[in-house]
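Below: one structure, written as structure tokens.
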Amino acid sequence: MLKTKRFAQIISLLLIFAIAILNAPAQSKNDASLRITVVDPTGAAIVAATLQLQTSDGKEHTAQTNERGEATFLRLATAGFQLRVSVAGFITREIKDKSLKSGNNKIEVQMEIEGVKENVTIAQSAQEKGLDNGKNAFTNVLTAEQISQLPDDPEEFEQAIRNMAGPGASFKVNGFRGGKLPPKSQIREIRFRMNPYSADNHEADFITVDILTKPGVNNWHGSMNFGFRDESLNARNAFAPFRAPEQFRRFGFSLDGPLWKNRTSLFLNADGNNAYESKTIVAALPDGAFNDVARRPSKTLNFSARIEHALNKTHTLRTEYQRNASRLDNLGVGDFDLPERAYTNDTVEHLFRFADTGAVGKKLVNEILFQARWQAIDKSSASQAPTIQVLNAFGSGGAQISGTREVFEWEVADNIDFVIGKHTMRTGVLYEFGNYQSNERVNANGTFIFASLDDFRAGRPTTFSKRSGDPRVEFSQHQFGAYLQDDFKLHKSLSLSLGLRYEWQNNVRDKNNFAPRLGIAWSPFKDGKTTFRAGAGIFYGWVGSEITEQILRVDGTRQRDLIVQNPGFPNPLTGGAQIILPASKIVADPEMNLPYLEQFSVGLQRQLAPTINLNANYSYQRGVHTLRGHNLNAPVNGVRPDAQFGNITQVESTAYASRQQFGVNVNMNFTRPPQRYLFATFGYFYMKAINETDSPFSLPANNADLRAERGPAAYDTRHHLFAMFNYQFPGAIRIGTILQASSAAPYNITTGFDNNGDSVSNDRPASVGRNSARGAARFDMGMRLGWGFGFGKPKEAAGGPQVKIIRSNDSDILGGMGGTGGINKRWRGELYVQAYNIFNHPNRINFTGVQTSPFYGQATAALPGRRIESGIRFSF
């Protein structure tokens, strides 16, 4: 059971605290501010747009958007207003009958390119806006203020976003997938888009996380940060015999500014860390229990450079380069594996991106995206000695991993938007190419498997396996996709979206891969605060390069697996009882198809109050042609069908999979002067995932009855809970809290023996299904406290006393650093302290399902306990 009572108390206290503060009366009727962001149809900022604001008290204000497409009006009366936005090349927008509340107000205005949308209605009704099928459809948005309070560590920052999005979310940065996420200081906003049925989507991810970086700048700005933690303030891991040494040093630097004012901007960023953590070892050796910790050093260094150039008023060119490098030592050590099992992983990745978006003539908007990626992964083991695995008791010997894998991939996509009458159309193509070279060698000296400690003491292994031959492999892979999308309104309260996508991959027989898509949106009420959405579609998946690589490598000729049943020990070929099988291999099913998902969903979006929004969604997926491993040469009554081979692992598209998911999310955003601010988000997700395999190479326990493998997926964690609170005090202090909890994940029960004689020790007891046991629930709460300060005279903003054209790094409080201290200063900084797992809850993992293990039914590891980090951020 999760810490329900503790969680309820925390939520109640925070809500009472927030309501008490935010309900304080306003001090002045002229205490409102309005920040306006102007963007083009793709979400890119529009510079030098003219804003004419008229409030209901009769006052008029004028401003132009800055290099980030933003302008801010200060000291406005809390009354109604009208806004007119105009810029050359775009249709003028007029927004009427809007109201201002005390404190900070924000709106985003999306402009249509002149001539592209001839029948555009300048002022859509609220009801029609709710039907938007574009980038704002069913979207939650994190602004720069909210992003600033997420964790500073890049991996924990990404994990926090994943927790907010829910299971299975995918990420895009300025339209690109892959690579590292940009630093928080360079992110303008994060959008959680819940409309997967547009035909330009390849993936079936129900939630897509779109990350948009800040556009061009006209002044030089920079920031530096440093964070540190060690074991001094950390708690002992629940499975460590003592508080183990740990150190984490994080550093970062960013610089951005104009190379050509109003035309070309440069963004530089470097970040990395130098750290070591301690991995627990909980093992059972022949002479007794073994409990220790092993140091696991790591180093990362990432660099990125981005240039944005305004070709003209409607075209923006963006190029980016990333170099991401990491070295991880002492991998393979921990849990049951002893220190001698260590190996090192060195990874270097280079990424180049190019994008151009803008109008082509007066009828089309074109977007072209190009990405190239080079990656080299080098692995080396501390020892090449034969491996000894006593199932879920201990592992010794060498890791036996060596070699390099080199990847060169590139992709190009082109998307065109146009309008025909009432139909908003989008079409495009995607082409992906990959070349792969690898000489990775594994298990060259063999592995002994023992069912239990008693068998090890008696020198009685169940199997010995060894992979021999030349591991070198080189191949190419091609993928292509094309689509057509049509969005149109049947009525001002009802819209329909129709799409068709086609996909092709060179190494799969089936080429008939058409994927229809359908989406419906209904906004039944005139106030536009309620929108219902439903959709259905088919989504194809690719056969990954790693799968193709293993099929080519272990083909029985280039490389082959030697398997000995009941081998001798330490010499597997002696002892008198051994059975030496012919070579084993991996093959692809000649009838293999591309796997695909059939998916449908329904959802509700409701504005409960001006500052509170609710989203609720249900989706169902059914996997068709899911990849699995099938042993074609498993023994039948003790005899193998083909005596010339041992195991023949066929990768085939015959497995079943399904997933149901329900999620509800509530966002609250309150602001009261002077600079009091509360953001809170609550999310609950229920998921039930069923499948028949854990990977394309996993062999079933019973080859004669593949249906018996159907059971909970390894990721079938049913309940997920996430909450985040950020409060900005009137001074220079901000506090943030992240809470996450989940129910238990499944694990598999096995006998520890090779009962059916197929040389694989994955047999389950009679009447026990796959992944039928459950581990333990997880609970984690983190907190961040920041204090801002500043000094130095700021540059004066243009526009007079009533209007402020904000600087590029003032869009959030303290430029994304937290705390209002120093917001009007040229030099600004923040001191912060953040804690992870603040209650030191022992989140137990790695539950043992092997019945012959001395740890059967028990956890043998835990996630880290409480960790406390302090640091400083500085910007100018």
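Extending each Cα 7 Å along its Cβ direction at HIS423 and ILE579, get the distance between those two points in nm, one decimal.
Inter-label distance under the simple model: 6.5 nm.
Could you list which residues have their amide H under 5 Å from that of ALA776, counting only those 5 or more apart in sequence or on another chain, with H placed in the peptide plane?
The list, which skips near neighbours in sequence, is ALA745.
Quick one: Cα centre-to-centre distance for the range 680-717 and the range 359-432, in angstrom?
24 Å
What FRET efficiency do you get for ALA385 and ASN512 if R0 is 60 Å and r is their Cβ-Cβ distance, rounded to the nearest 0.05?
Efficiency for this residue pair is about 0.75.
Residue by residue, what Karplus-based ³J(HN,Hα) values in Hz, rounded to whole numbers, does the range 645-656 have, using 6.51, -1.76 and 1.60 with θ = phi - 60° and x for Gly and Pro?
10, x, 6, 10, 8, 9, 8, 9, 9, 10, 8, 9
Going by accessible area, probe 1.4 Å, with all protein chains left in place, what is the ranking of THR557, THR208, largest first?
Output order, biggest surface exposure first: THR557, THR208.
State, to one decimal in nm, how far the label point of TRP374 lies from the label point of THR92, with both points 7 Å from Cα in the Cβ direction.
Calculated label separation equals 5.3 nm.
Modelling each spin label as a point 7 Å along the Cα-to-Cβ direction, I'd like the ALA534/HIS491 distance in nm, to one decimal.
Result for the modelled spin labels: 1.4 nm.
By accessible area of protein heavy atoms, probe 1.4 Å, what ranking do VAL38, VAL760, VAL360 get, highest first?
Ranked from most to least accessible, the order is VAL360, VAL760, VAL38.
Where the only charges are on Cβ atoms (+1 Lys, Arg; -1 Asp, Glu), what is the dipole of the range 371-449 about its Cα centre, to the nearest 20 debye?
Numbers: 6 positive and 8 negative charges, 43 e Å.
In total the dipole reaches around 200 debye.
Cα centroid distance between the range 718-740 and the range 495-556, in Å?
Centre-to-centre (Cα) distance: 35 Å.
Quick one: compute the contact order of the range 217-344, relative version, from alpha carbon pairs under 8 angstrom and 6+ residues apart, as a percent.
20 percent
Measuring from centroid to centroid over Cα atoms, what is the spacing of the range 620-650 and the range 745-787 in Å?
Centre-to-centre distance over Cα atoms comes out at 23 Å.
In Å and on Cα atoms, what radius of gyration and Dmax does the range 165-308 show?
Rg, Dmax (Cα atoms, Å): 21.6, 73.
What list of ³J(HN,Hα) couplings, whole Hz, do you get for the range 513-519 from phi and the Karplus terms 6.51, -1.76, 1.60, once you set θ to phi - 60° and write x for glycine and proline?
10, 9, 10, x, 9, 9, x
Starting from 0.36 nm per residue, how many nanometres of slack lie between THR62 and ASP346 once their C-alpha separation is accounted for?
Going from the current span to full extension adds 96.7 nm.
For a quick check: with amide H placed at 1.01 Å from N, whose amide H comes under 5 Å from ASP555's, ignoring anything fewer than 5 positions away on the same chain?
The list, which skips near neighbours in sequence, is ILE586.
Could you pull out the pairs from LYS172/LYS489; LYS362/LYS422; LYS511/LYS585; LYS106/LYS261; LYS466/LYS585; LYS101/LYS492 whose alpha carbons sit more than 20 Å apart here?
Checking Cα-Cα distances, LYS172/LYS489; LYS511/LYS585; LYS106/LYS261; LYS101/LYS492 exceed 20 Å.
Of GLN375, LEU430, PHE394, which is farthest along the charge dipole of the range 373-437 in the positive direction, counting Lys and Arg as +1 and Asp and Glu as -1 at C-beta?
PHE394
The values are calculated or read from the model by the stated rules, or taken from the named source; none is laboratory data. The structure presented is a predicted model; accordingly, all values stated were derived computationally and were not measured. Reconstructed Cβ throughout: ideal geometry from the backbone, glycine too, with neighbour counts over all protein chains shown. Only protein heavy atoms, including side chains, enter the accessible area calculation; ligands, DNA and RNA are left aside. Shrake-Rupley method; radii C 1.70, N 1.55, O 1.52, S 1.80 Å.
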